[in-house]
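Engineer: The following block contains the structure, expressed as structure tokens.
Derivation of every value follows stated rules applied to the coordinates shown; laboratory data play no part. These numbers come from a predicted model, not from an experiment. Glycine gets a Cβ as well: all are built from the backbone with ideal geometry, and neighbour counts include every protein chain shown.
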Amino acid sequence: MFDKDEIWKKLKKVPDPELGVSIVDLGLIYEVEISKDNNVTGNMTLTTMGCPLFSLITEQIKSNIKEISEVSEVEVNLTFDPPWTPEKMSEDAKIQLGFA
């Protein structure tokens, strides 16, 4: 059986294609749920509404999470509520991007 910690570790390996920083460290992942059928659903945002990279990021998310053999399906929902702000970034991301 797998848990949310394992999912978060897989998500941390997904970089933002433009910034090269983990989507987790950027604060783009808002929520992760695992159903009793081993389906994984996540809610995420983007740094801007017009970002054209959602499908690329989603493919990487699904690919990484499906490396966990027990996972049945992966669904990624896009939301802008709450909107992303630089305050959502981890300290590591802020250092990498020159915010700290």
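Engineer: Pick from 37, 25, 16 the residue whose mean-square fluctuation is largest in a GNM of the chain, springs joining Cα atoms under 10 Å.
Structural biologist: Answer for the Gaussian network model of the chain: 37.
Engineer: What does the convex hull of the Cα atoms of the chain come to per residue, in Å³, rounded to a whole number? Provide the component values of the computation, followed by the final result.
Structural biologist: Details: hull volume 8.9 nm³, N = 100.
Convex hull of Cα atoms, per residue: 89 Å³.
Engineer: Please state, as a whole number in µm²/s, the translational diffusion coefficient that the Stokes-Einstein equation yields for the stretch 29-70 at 25 °C and 0.890 mPa s, with Rh defined as the Kirkwood radius across alpha carbon pairs.
Structural biologist: Translational D for this selection: 212 µm²/s.
Engineer: Of the candidates 14, 24, 74, which one comes out as most mobile in a Gaussian network treatment of the chain with C-alpha springs shorter than 10 Å?
Structural biologist: Looking only at 14, 24, 74, the largest GNM fluctuation is found for 74.
Engineer: Hey, what number do you get for the chain at 222 nm if only DSSP H runs of n ≥ 4 count, each worth -39500 (n - 2.57), divided across all residues, to the nearest 500?
Structural biologist: Computed ellipticity for the chain at 222 nm equals -7500 deg cm²/dmol.
Engineer: Which chymotrypsin sites (Phe, Trp or Tyr not before Pro) from the stretch 14-97 combine a DSSP loop assignment with at most 13 other Cβ atoms within 10 Å?
Structural biologist: Here the sparse-neighbourhood loop sites are 80.
Engineer: Next question, about the same structure. Tell me, what is the percent relative contact order of the stretch 1-57, built from C-alpha pairs under 8 Å that lie six or more residues apart?
Structural biologist: 26
Engineer: I'd like the GluC sites (Glu not before Pro) in the chain restricted to DSSP loop residues with at most 13 other Cβ atoms within 10 Å, sorted by number. Mind dumping the intermediate values first?
Structural biologist: Details: sites: 6, 18, 31, 33, 59, 67, 70, 73, 75, 87, 91; in loops: 18, 67, 70, 73.
Passing both the DSSP loop test and the Cβ count: 18, 67, 70, 73.
Engineer: In whole percent, what relative contact order does the chain give with Cα contacts below 8 Å and a gap of six or more residues?
Structural biologist: 31
Engineer: Further, regarding this structure: Compare 11, 19, 46 in a GNM of the chain, Cα atoms joined below 10 Å, and give the one with the largest fluctuation.
Structural biologist: 19
Engineer: Now, a different point. Under the Karplus relation 6.51 cos²θ - 1.76 cosθ + 1.60, θ = phi - 60°, what is the ordered set of whole-Hz ³J(HN,Hα) values for the stretch 55-69, x standing for Gly and Pro?
Structural biologist: For the stretch 55-69, the Karplus-derived couplings read 5, 5, 5, 4, 4, 5, 4, 4, 4, 5, 5, 6, 5, 7, 4 Hz, x marking Gly and Pro.
Engineer: Okay, moving on. Write out the trypsin sites (Lys or Arg not before Pro) in the stretch 1-80 meeting two conditions: DSSP loop, and at most 12 other Cβ atoms within 10 Å of their Cβ.
Structural biologist: Qualifying residues, ordered by number: 36.
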